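The values are calculated or read from the model by the stated rules, or taken from the named source; none is laboratory data. Because the structure is predicted, anything quoted here is derived from the model rather than measured. Glycine also receives a Cβ, built like all others from the backbone with ideal geometry; neighbour counts cover every protein chain displayed. The area values use the complete protein model at the heavy-atom level, side chains included, leaving out ligands, DNA and RNA. Shrake-Rupley method; radii C 1.70, N 1.55, O 1.52, S 1.80 Å.
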Amino acid sequence: MSADDQVMKIALLGEEVLTEPAQAVQDFSDPGLADFIQQLKQTMLAAGGIGIAAPQVFDPRAIMIIASKANERYPDAPDMAPVVMINPKIIAHSNETEKDWEGCLSVPKLRGLVPRYKAITFSYLDQQGAEHRLSWQGFLARIFQHEYDHLTGKVWLDRVTSMADVVAEEVYFSRLKADN
């Protein structure tokens, strides 16, 4: 199977699957789980994403991958190995929030200033069902919250405080070039 065979269709804004809460994974012995996660990762990479959640590919399970890496869509993203998170839960978060730019594979051609907690602590299960706990801040905390929203039936547009904070991606990138 080629990498292209592993790329799944991405759900777009307005599709019902993006508004429904994800379902917890119960069966970690399911032989299809590892294959699905590999396909989810390939889909994210092929689309230039730095994170993806299962509902974005029409799968109702509470699975997300975060793989921050500098690319065309996020030139300043820090590099990290992909982390597969199953049934993640936010344990704590900072009181302080900040607005920063976000885009989404399911909301193509738009960017928005989205308020997010600056720091979070969360738990998740890995592919074998073992529990992990991490604390992230800044950009990685933002990615986590963005992907976690997909598991609760939200997209970043649900979080913007003003439509003045939403721009076409082309405008976003032209502003980015002008600032550098």
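Before moving on, here are some points about what is shown:
- The residues of region 150-180 that are over 22 Å from LEU18 (Cβ atoms) and either in a helix (DSSP H, G or I) or touching a residue at least 40 places away in the same chain (Cβ under 8 Å) (or both), listed by number, are ALA164, GLU170, VAL171, PHE173, SER174, ARG175, LEU176, LYS177, ALA178, ASP179.
- Residue satisfying condition, being polar (S, T, N, Q), touching a strand residue (DSSP E or B) at 6+ places or on another chain (Cβ under 8 Å) and closer than 18 Å to GLY51 by Cα, within set SER106, SER123: SER123
- Taken together, the criteria exclude ALA54 from residues that are farther than 16 Å from VAL155 by Cα and either open to solvent by less than 20 Å² (accessible area, probe 1.4 Å) or out of contact with any His (no Cβ under 6 Å at 6 or more places or on another chain) (or both).
- Of the strands (runs of 3 or more DSSP E) contained entirely in region 106-149, those carrying at least 1 residues that are under 22 Å from ALA164 (Cα atoms) fall at 107-117.
- ASP179 of a type in the set (Asp, Glu), at pLDDT below 95 and open to solvent by 10 Å² or more (accessible area, probe 1.4 Å): yes
- Residue match in region 67-79 (condition: part of a strand (DSSP E or B) and on the phi < 0 side of the Ramachandran plot): no
- For region 140-162, a residue qualifies if it is open to solvent by 60 Å² or more (accessible area, probe 1.4 Å) and either under 22 Å from ASP79 (Cα atoms) or in contact with a helix residue (DSSP H, G or I) (Cβ under 9 Å, 6 or more places away or on another chain) (or both), and the qualifying residues are LYS154, ASP158, ARG159.
- Residue pairs whose Cβ atoms lie under 7 Å apart, separated by 6 or more positions or on different chains, with the first residue in region 12-26 and touching a residue at least 24 places away in the same chain (Cβ under 8 Å) and the second open to solvent by less than 80 Å² (accessible area, probe 1.4 Å) and acidic (Asp, Glu), do not occur.
- Search result, residues across region 128-139 that are under 27 Å from ASP35 (Cα atoms) and open to solvent by 40 Å² or more (accessible area, probe 1.4 Å): GLN128, ALA130, GLU131, HIS132, ARG133, LEU134
- Identity of the residue in region 17-41, open to solvent by 20 Å² or more (accessible area, probe 1.4 Å) and among the aliphatic types (A, V, I, L, M), that ends up nearest to ALA81 (Cα to Cα): ALA34
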